[in-house]
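Trainee: Below is one structure. I have some questions about it.
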Amino acid sequence: MPKPYTHPDAEPYKPLNWTGLEPPAFAGPVPHHVAVVMDGNGRWANRQGLPRTEGHRVGVDAMLDVIAGAVQAGVKHLSVYAFSTENWKRSPSEVRFLMGFNREVLHRHRDQLNEWGVRVRWAGRRPKLWGSVIKDLEIAEELTKDNTRMTLAMCINYGGRWEVVDAMRKMAEDVQSGRLKPSAISEKTIAKNLYLPNMPDVDLFIRSGGERRTSNFMMWEASYAELVFDDALWPEFSRENLWRAIQTFHARDRRYGGAVDVPRA
Ligand code: IPE
Ligand code: IPE
Ligand code: MG
């Protein structure tokens, strides 16, 4: 029995494999944490002669497809970059659109995410972010809090550097109040003070849209991630692109700084 809708604008439920596609047999365990920079919406729209905002609208279908494909593949943590701390530099009308639109996405899709067993978390900063967006993120977090199939981190007003700054502020307060000794600060202490303390490191970092940069996403968590860049603009990206990126990930040799002799055959 599908769970009842919690919002009148909810979209009808879709099964996870509504496209009829199944993930390929992978050569190894699926990456535990996949982070995605959903880039290229504006260029996609402009190429069709449409305003940038239309790209954001169509991009949501790609996001849902990728979320479903990640659940199908058995990914446990998926982080999606939806609005960066740098995106406030965009035109006031695009910023306003994106804020309102993020709310709409949460309204229309939170029930579907809940039905798929996805736990929604918000990663980002409060200052500047619309209170109504924060409220809707909190409603989605509460609705889905008992789900364990996959955790989806919605990164809204997120910036990797700000995440570290905010962690430093919390730690400085703990030092000031005597709860934390400076000499006890380790990588673990910093990780525990990030927006989502229990989130594992990023294994696979994907960026659509053709740019080869990380744009301040998961600066701390992705320090040893495998980077996969895909030229597809985000509205053209689908679960198949995700599965291909996982195949690319399996072809990589993750050494973490270690080295072993490989004698010539
Ligand atoms: C990514 O697409 C979505 C957001 C940043 C919200 P863009 O809007 O950056 O699209 P391009 O890169 O300009 O094509
Ligand atoms: C990164 O894309 C942010 C999101 C996808 C939300 P941008 O389009 O904002 O990044 P730059 O400008 O190419 O670095
Ligand atoms: Mg962009």
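Throughout, read-outs are computed from the coordinates displayed, never taken from laboratory work. None of the values given here were measured: they were computed from a predicted structure. Cβ: placed from backbone, ideal geometry, glycine included. Neighbour counts: every protein chain shown.
Trainee: State, to one decimal in nm, how far the label point of GLN176 lies from the label point of ALA265, with both points 7 Å from Cα in the Cβ direction.
Mentor: It is 6.2 nm.
Trainee: While we're looking at this one, here's another question. Note down the relative contact order for region 1-129 as a percent, whole number, built from C-alpha pairs under 8 angstrom at least six residues apart.
Mentor: In percent, rounded to a whole number, it is 38.
Trainee: Taking the Cα centroid of region 246-265 and of region 31-69, what is the distance between the two, rounded to the nearest whole Å?
Mentor: Rounded to whole Å, the Cα centres lie 32 Å apart.
Trainee: Mind sorting SER208, SER215 by how few other Cβ atoms lie within 10 Å of their own Cβ, fewest first?
Mentor: Least to most surrounded, the residues fall as SER215, SER208.
Trainee: Within region 127-182, which trypsin sites (Lys or Arg not before Pro) sit in a loop by DSSP and count at most 12 neighbouring Cβ atoms inside 10 Å?
Mentor: For trypsin sites (Lys or Arg not before Pro) across region 127-182 that sit outside H, G, I, E and B with at most 12 neighbouring Cβ atoms in 10 Å, the list reads LYS128, LYS145, ARG179.
Trainee: Note down the relative contact order for the chain as a percent, whole number, built from C-alpha pairs under 8 angstrom at least six residues apart.
Mentor: Computed value for the chain: 27 percent relative contact order.
Trainee: Please tell me which of these pairs span more than 31 angstrom C-alpha to C-alpha: LYS3/LYS76; LYS89/LYS188; LYS145/LYS181; LYS145/LYS170; LYS14/LYS188?
Mentor: Over 31 Å apart, Cα to Cα: LYS89/LYS188; LYS145/LYS181; LYS14/LYS188.
Trainee: Can you list the chymotrypsin sites (Phe, Trp or Tyr not before Pro) in region 1-109 that are in a DSSP coil and have 10 or fewer other beta carbons within 10 angstrom?
Mentor: Loop-located and lightly packed - none at all.
Trainee: Among ALA225, GLY117, PRO8, whose Cα sits farthest toward the positive end of the charge dipole of the chain (+1 at Cβ of Lys/Arg, -1 at Cβ of Asp/Glu, about the Cα centre)?
Mentor: ALA225
Trainee: 7 Å from Cα along Cα→Cβ at both ARG96 and ALA25: what's the point-to-point distance in nm?
Mentor: 5.6
Trainee: Which aspartates and glutamates have a Cα lying under 13 Å from the Cα of LYS135, excluding residues fewer than 8 positions away in the same chain?
Mentor: Partners within reach: GLU104.
Trainee: Looking at region 192-265, which chymotrypsin sites (Phe, Trp or Tyr not before Pro) are DSSP coil and have at most 15 other C-beta atoms within 10 Å of their C-beta?
Mentor: Within region 192-265, the qualifying chymotrypsin sites (Phe, Trp or Tyr not before Pro) (loop, at most 15 other Cβ atoms within 10 Å) are TYR224, TYR256.
Trainee: Apply the Karplus parameterisation 6.51 cos²θ - 1.76 cosθ + 1.60, with θ equal to phi minus 60°, to every residue of region 51-56 and state each ³J(HN,Hα) to the nearest whole Hz, in sequence, with x for glycine and proline.
Mentor: x, 3, 4, 5, x, 5
Trainee: Whole angstrom only: what separates the Cα centroid of region 154-215 from the Cα centroid of region 95-152?
Mentor: Each part reduced to its Cα centre gives a spacing of 20 Å.
Trainee: For region 41-192, what is the relative contact order in percent, using Cα pairs closer than 8 Å and at least 6 residues apart in sequence?
Mentor: 25
Trainee: I would also like to ask the following. How long, wide and thick is the chain, going by the Cα atoms along their three principal axes, in whole angstroms, largest first?
Mentor: Per principal axis, max minus min of the Cα coordinates gives 60, 52, 43 Å.
Trainee: Also: What does the net charge come to around ASN46 if you take all other residues with beta carbon closer than 15 Å to its beta carbon, with K and R at +1 and D and E at -1?
Mentor: Summing Lys/Arg as +1 and Asp/Glu as -1 gives +1.
Trainee: Next question. By how many nm would the segment from GLN247 to LYS89 grow when fully extended, if each residue of separation counts as 0.36 nm and the alpha-carbon distance is taken off?
Mentor: That pair, GLN247 and LYS89, stretches by 53.3 nm at full extension.
Trainee: Kindly identify region 1-88 as rounded, prolate or oblate by the Cα gyration tensor criterion: order the square roots of the eigenvalues as a ≥ b ≥ c, call it rounded if a/c is under 1.5, otherwise compare a/b with b/c, prolate if a/b is larger, else oblate.
Mentor: oblate
Trainee: Another question, then. When a/c reaches 1.5 or more, the comparison of a/b and b/c decides; with that in mind, is region 38-136 rounded, prolate or oblate per its Cα gyration tensor?
Mentor: It is oblate, given that a/c is not under 1.5 and a/b is not larger than b/c.
Trainee: Specify whether the C-alpha gyration tensor of region 190-265 places it in the rounded, prolate or oblate class, a ≥ b ≥ c being the square roots of the eigenvalues: rounded for a/c under 1.5, otherwise prolate if a/b is larger than b/c and oblate if not.
Mentor: oblate
Trainee: Tell me, MET154, MET1 in order of fewest to most beta-carbon neighbours within 10 Å?
Mentor: The order, fewest Cβ neighbours first, is MET1, MET154.
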